[in-house]
Structures are given as structure tokens and as C-alpha cells.
Amino acid sequence: MTGRTVALLLASGVTSEHTATALKLAERLLARGHRVAVFAHGDAAGLAAGTGELPTAVTALLRRGVHDGTFDWVVDQASVERLGVAPHLTPGAVPGDHADLWAVVRHADIVLTAGGGSPW
Amino acid sequence: MARRVVSLVHGVSGALRPTEPALEANTYAIAEDVDLTVVLHGSAVELAVAGGQVRPGELAGVVLPPASSAQDLRGLLESGIGVIALAEDVTSLGLDAADLVDGVEVADTDTVAGLLRRADAVLAW
């Protein structure tokens, strides 16, 4: 696999092993030169908010991708507002909506849904 | 580039909302050039019951919104999005095809498996 775009759709929060695995996969993909686009909704909208280890890790991934545009993190704005984390989103996380989810899906070579199930 | 997409909707949100969130999210697909099929399985098959609705109500002085998943599904179908209900779950809920919204196809596991094999992307809700 060379230079592919992988979409990761996240719906679960910090306590989900699926989410942890998906983020580790994202790091490996970036290291191998692939592009990763994350869409986070439901409880996953809180992954890039606050000052815990996970938001710090997300910020670090965003930082790695800043020069060559290889890592995007789009978060569902409605989920952000429902969780009350809007003021705490890490810089680089882009508020969006489900139209962005489908744009991410449309432009990806591979789409992975971590965990599945309703994000609400 | 993802083109043929299958959305697997397993359950209902259980929250009182004017629209079922998973169905609403899938309507955005019409803005992109994707061939989307929504597959309802498990308790999500309930969303396809024709005439299924939550009447408006009130709780502690707060107005609770009405909801009609059947109407949401008709919107998806009219937008060209295919909707399938898994046959074994339709049966287990004591339903048959006549109970479902017109246009919702009832399909067995083998048919859905074939759909998933041919898909460029599968989303799970």
C-alpha cells in the first residue's frame, strides 16, 4: 500500500479499546507515508478536547501532519456542543458536520469504522 | 476513491429526538457522488415500520418532539438511497415486508453479504 488515504470514523470515547487501536493505527499509517483523515462524532467528539493524554496525543498527531497535510481531524460540531467541549478543542481539530463525514468517505481509498454502533 | 458504500445500522439511538441520528447522518450522502445502501439490522429494523412514529408529548412542562422514522426513510428512498432490512430480523420482530415502508427491500444474509463484498466502503452505526 503506497500513499493511500485512509478514513477513520470514530464514534466511541476514551474508554473504548476500538478507539485506542484506531488511533495507534493512524500513527502507524502516518509513519508509513499514508494520509489519514479522521471524522469524530458522538462521544468521540471529545477525544480532541481538554488536557488529558489522549487530546495531547491527538495534538501531536496533528503536529506531525502539519507540513505535508497528511493528517486531518474533523469533529462533528453538533456532538461537540452536546458534550460541552467546544471551548476545549485542540487547535487543528476542525469543526464540521455529517456532510464532511461523507466527503471524507468519498475521497478515501480505505474507510475504517472503529467499533461501530450508534454514536448517539 | 470510495464509491459504493454500505451503511450498517444496527440499533436505534433510544433518545427522544425528532429524527433518528443515524438516518439523518446518512442523508448527507446525497451531496457526495456515492452509491449508498443503508442496511437495517437488529432493532434498527423497527425504523422501517410503515406508520411508525413517536407522537408529540410533554414531560415536566417540556415539549417533547414528535418523530417519524418512516418519514425519514421515505426521504432517503426518494433521494435514491437504497434501504434494506435484514430478513431474519424482520421475522424475529414479528414483521413482514408488508409492514415496512414502501421501497424498503427485505433481503437475506447472503444477499447482504454479497453487497458488503462488492462495497468500496462499509460504515457501521
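The values are calculated or read from the model by the stated rules, or taken from the named source; none is laboratory data. Please read all numbers here as calculations on a predicted model, not as lab measurements. Virtual Cβ from ideal backbone geometry, glycine too; neighbours counted across all protein chains shown. Accessible surface is based on the protein model in full, side chains and every heavy atom, while ligands, DNA and RNA are left aside. Shrake-Rupley method; radii C 1.70, N 1.55, O 1.52, S 1.80 Å.
Among the conditions (1) more than 15 Å from the chain's Cα centre (by Cα); (2) away from chain A (no Cβ under 14 Å); (3) surrounded by 13 or more Cβ atoms within 10 Å (Cβ to Cβ), the only one that B:ALA119 does not satisfy is (2).
Look at A:GLY117 and say whether it is within 14 Å of another protein chain (Cβ to nearest Cβ), modelled with pLDDT under 90 and out of contact with any Asp or Glu (no Cβ under 8 Å at 6 or more places or on another chain). For A:GLY117, the condition - within 14 Å of another protein chain (Cβ to nearest Cβ), modelled with pLDDT under 90 and out of contact with any Asp or Glu (no Cβ under 8 Å at 6 or more places or on another chain) - is met.
Yes or no, residue by residue, for (1) modelled with pLDDT of 90 or more; (2) under 10 Å from the mean Cα position of the chain (by Cα); (3) closer than 14 Å to A:ALA93 by Cβ:
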site	(1), (2), (3)
A:LYS24	yes, no, no
A:PHE39	yes, yes, yes
A:ALA49	yes, no, yes
A:VAL75	yes, yes, yes
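One residue alone among B:VAL83, B:VAL90 is more than 30 Å from A:HIS107 (Cβ to Cβ) and outside any loop (DSSP other than H, G, I, E, B), and that residue is B:VAL90. Answer yes or no: is there a residue in the stretch B:42-56 that is open to solvent by less than 60 Å² (accessible area, probe 1.4 Å), polar (S, T, N, Q) and under 23 Å from A:ASP97 (Cα atoms). Scanning the stretch B:42-56, I find no residue that is open to solvent by less than 60 Å² (accessible area, probe 1.4 Å), polar (S, T, N, Q) and under 23 Å from A:ASP97 (Cα atoms), so the answer is no.
Which helices (runs of 4 or more DSSP H) does the stretch A:21-111 wholly contain that include 2 or more residues that are under 19 Å from B:VAL122 (Cα atoms), open to solvent by 30 Å² or more (accessible area, probe 1.4 Å) and free of Cβ contacts under 8 Å to residues at least 12 places away in the same chain?
Details: elements: A:53-64, A:77-83, A:98-106.
Helices (runs of 4 or more DSSP H) meeting the threshold: A:98-106.
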